[in-house]
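A.B. asks: Got a structure for you, written out below as C-alpha cells; questions coming shortly.
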Amino acid sequence: MTELLEFLRQLFTDPFGLLDIPVREWVTDAVNWIVRTFRDFFRSYISPPVRGVMELFQWALSSVPPLVFLALAYVIAWRAASWRVAVFTVIAFAFIGFMGVWDQMIITLSLIASAVFFCILIGLPIGILCSRSDWFYTLVRPVLDIMQTTPPFVYLIPAVMLFSIGNVPGLIATIIFAMPPMIRLTNLGIRQVETQYIEAAVAFGSRPREILWKVQVPLALPTIMAGINQTIMLSLSMVVIAAIIGAGGLGLEVYAGLERLNIGQAFVGGIAIVLLAMVLDRVTQGLGEKGPASRAKRSE
C-alpha cells in the first residue's frame, strides 16, 4: 500500500522521473561508433574530393584580378537580372574590397559555391526521385525535417570528429544544413508542372526521360531556382558558425571580432556578408524569373 501511494505521489508530482530514457548515452555511443568505424574512410575518400572542389573554386576566384572580377560580376548580374542589379553588384563588391576584406570574401564565396555545387549534385536527383515516388518522399521527409530544424551547432561536433579542424568540416556541416530546400523545392516544382504539358509531350511520342529533362525540369526551373536561392541563403547563415571549427572567410572575421570584443572588425565582416547575400539573392532570383515557366506566364 505504501509503495502504491508513493507511486501515485510521484506520478502526479514528477511523472517524468518514473522513466529515464538514456538518449544522451545512445547518441554519444552511436556517434563514437561511427567515428571509430568510418573516420579513416571519411578522411581518405570523402575529405579529398570535397577539399579539392573548394580549393578549385577558391583558386578560380582568387586568380581573377579584382577589376576583371567586377566586370564579370556586372555582366553576369546584368544578364541574370537587370542593369540595376548589375550596378548594385559592382558597388557592393567594390565596397567589400575597399573595406579590406576582399580575400576573405573570395574564401566565403568559394565555400558557398562549393556547398551549392554539392547541394545541387546530391539534392537535385533526390528531389526528382521524390517527385516520382510518394513513398520515397514520405521516407525522405522526416530526414529533411531533422536536417533543417536541428541547430547547426549540433553538426559541428561529429563533423570535427570525422574530418578534424578546417574548411572541410565547415563545408560538410553547411551542405547538410543547406540541402533540404533544394530537395523540397525540386520535388514541389516538378509536381506542380501542369498535366497538359506532360500529356502534349506524351502525345508527341516523348519518352519519360525526355519528358523529365525537356518539359518538367525547364518548367519547374523557377521553383528549383528558388531552392538554390534558399540553399545560398542558408549557406551564408552557416558562414559564421563554420568559422568556429576553422573555416575561414568573412565568418572568421566576425568570429574573431566577437572573440576579441572588436566591434569594428565584426561589423565589417557582417556588412560584407549582408552585401554578398543581397547580391547572390538578386542574381539567383533574376535567373529564376527568366526561366521558361516565367516566360510562358508572361506571354499568357
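The values are calculated or read from the model by the stated rules, or taken from the named source; none is laboratory data. Just so it is clear, the structure is predicted and the values come from calculations on it, not from any experiment. Methodologically, a virtual Cβ is constructed for each residue, glycine included, from the backbone with ideal geometry; neighbour enumeration extends over all protein chains shown.
A.B. asks: Looking at this structure, is ARG191 of a type outside the set (A, V, I, L, M), over 30 Å from VAL27 (Cα atoms) and at pLDDT 90 or above?
C.D. replies: Yes, satisfied.
A.B. asks: Among the residues in segment 165-179, are any within 22 Å of ASP134 (Cβ to Cβ) and buried (at least 17 other Cβ atoms within 10 Å of the Cβ)?
C.D. replies: Residues of segment 165-179 that are within 22 Å of ASP134 (Cβ to Cβ), as a first pass: 179.
Narrowing the set further to residues that are buried (at least 17 other Cβ atoms within 10 Å of the Cβ) leaves 179.
Within segment 165-179, one or more residues are within 22 Å of ASP134 (Cβ to Cβ) and buried (at least 17 other Cβ atoms within 10 Å of the Cβ).
Okay, residues lined up against (1) within 23 Å of LEU212 (Cα to Cα); (2) touching a His at 6+ places or on another chain (Cβ under 8 Å); (3) at pLDDT 90 or above:
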position	(1), (2), (3)
PHE88	no, no, yes
ALA94	no, no, yes
GLN104	no, no, yes
SER110	no, no, yes
GLY123	yes, no, yes
SER131	yes, no, yes
THR138	yes, no, yes
LEU171	no, no, no
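A.B. asks: Pick out the one residue from LEU56, LEU70 that is touching a residue at least 12 places away in the same chain (Cβ under 8 Å) and either among the hydroxyl-bearing types (Ser, Thr, Tyr) or assigned to a helix (DSSP H, G or I) (or both).
C.D. replies: Matching residue, one of LEU56, LEU70: LEU70.
A.B. asks: Would you call LEU275 within 28 Å of VAL168 (Cβ to Cβ) and over 24 Å from the mean Cα position of the chain (by Cα)? Steps first, answer last, please.
C.D. replies: Values: within 28 Å of VAL168 (Cβ to Cβ): yes; over 24 Å from the mean Cα position of the chain (by Cα): no.
Here the answer is no, as LEU275 does not meet what is asked.
A.B. asks: Among the residues that make up segment 175-190, is at least one of them outside any helix (DSSP H, G or I), of a type outside the set (Lys, Arg) and over 17 Å from the mean Cα position of the chain (by Cα)? I'd like the intermediate steps shown before the answer.
C.D. replies: Going residue by residue through segment 175-190, those that are outside any helix (DSSP H, G or I) are 179.
When the remaining residues are screened for being of a type outside the set (Lys, Arg), the result is 179.
In the following step, the residues that additionally are over 17 Å from the mean Cα position of the chain (by Cα) were identified as none.
No, because not a single residue in segment 175-190 is outside any helix (DSSP H, G or I), of a type outside the set (Lys, Arg) and over 17 Å from the mean Cα position of the chain (by Cα).
A.B. asks: Is segment 110-122 home to any residue that is surrounded by 15 or more Cβ atoms within 10 Å (Cβ to Cβ) and farther than 30 Å from VAL64 by Cα?
C.D. replies: Within segment 110-122, not a single residue is surrounded by 15 or more Cβ atoms within 10 Å (Cβ to Cβ) and farther than 30 Å from VAL64 by Cα.
A.B. asks: Would a scan of segment 154-163 turn up a residue that is surrounded by 14 or more Cβ atoms within 10 Å (Cβ to Cβ), at pLDDT 90 or above, touching a Phe, Trp or Tyr at 6+ places or on another chain (Cβ under 9 Å) and under 25 Å from ASP281 (Cβ atoms)?
C.D. replies: Scanning segment 154-163 turns up no residue that is surrounded by 14 or more Cβ atoms within 10 Å (Cβ to Cβ), at pLDDT 90 or above, touching a Phe, Trp or Tyr at 6+ places or on another chain (Cβ under 9 Å) and under 25 Å from ASP281 (Cβ atoms).
A.B. asks: Any chance segment 237-251 includes a residue that's outside any helix (DSSP H, G or I), modelled with pLDDT of 85 or more and of a type in the set (Gly, Ala, Ser)?
C.D. replies: No, there is no match, as no residue in segment 237-251 is outside any helix (DSSP H, G or I), modelled with pLDDT of 85 or more and of a type in the set (Gly, Ala, Ser).
A.B. asks: Right, here's the next one. Looking only at segment 67-93, which residues are surrounded by fewer than 17 Cβ atoms within 10 Å (Cβ to Cβ) and closer than 24 Å to ALA266 by Cβ?
C.D. replies: Scanning segment 67-93 gives a single hit, ILE91.
A.B. asks: Pairs, please: C-beta under 7 Å, at least 6 apart or cross-chain, first residue among the β-branched types (Val, Ile, Thr) and in segment 257-269, second buried (at least 16 other Cβ atoms within 10 Å of the Cβ) and in a loop (DSSP other than H, G, I, E, B)?
C.D. replies: Listed by first residue and then by second, the contacts come to VAL268/MET99; VAL268/VAL101.
A.B. asks: Anything in segment 110-140 that is assigned to a helix (DSSP H, G or I) and hydroxyl-bearing (Ser, Thr, Tyr)? List them, or say none.
C.D. replies: Passing the criteria: SER110, SER114, SER131, TYR137, THR138.
A.B. asks: State which residue is surrounded by the most Cβ atoms within 10 Å (Cβ to Cβ) when the search covers only segment 201-236 and only residues that are in a helix (DSSP H, G or I) and either without any contact (Cβ under 8 Å) to a residue 12 or more places away in the chain or touching a His at 6+ places or on another chain (Cβ under 9 Å) (or both). Talk me through it step by step, then tell me what you get.
C.D. replies: Applying the first criterion (in a helix (DSSP H, G or I)) to segment 201-236 yields 201-203, 208-219, 221-236.
Right, trim to either without any contact (Cβ under 8 Å) to a residue 12 or more places away in the chain or touching a His at 6+ places or on another chain (Cβ under 9 Å) (or both) and you get 202-203, 208-210, 213.
Details: VAL202: 14, ALA203: 8, PRO208: 12, ARG209: 8, GLU210: 12, TRP213: 11.
Out of the qualifying residues, it is VAL202.
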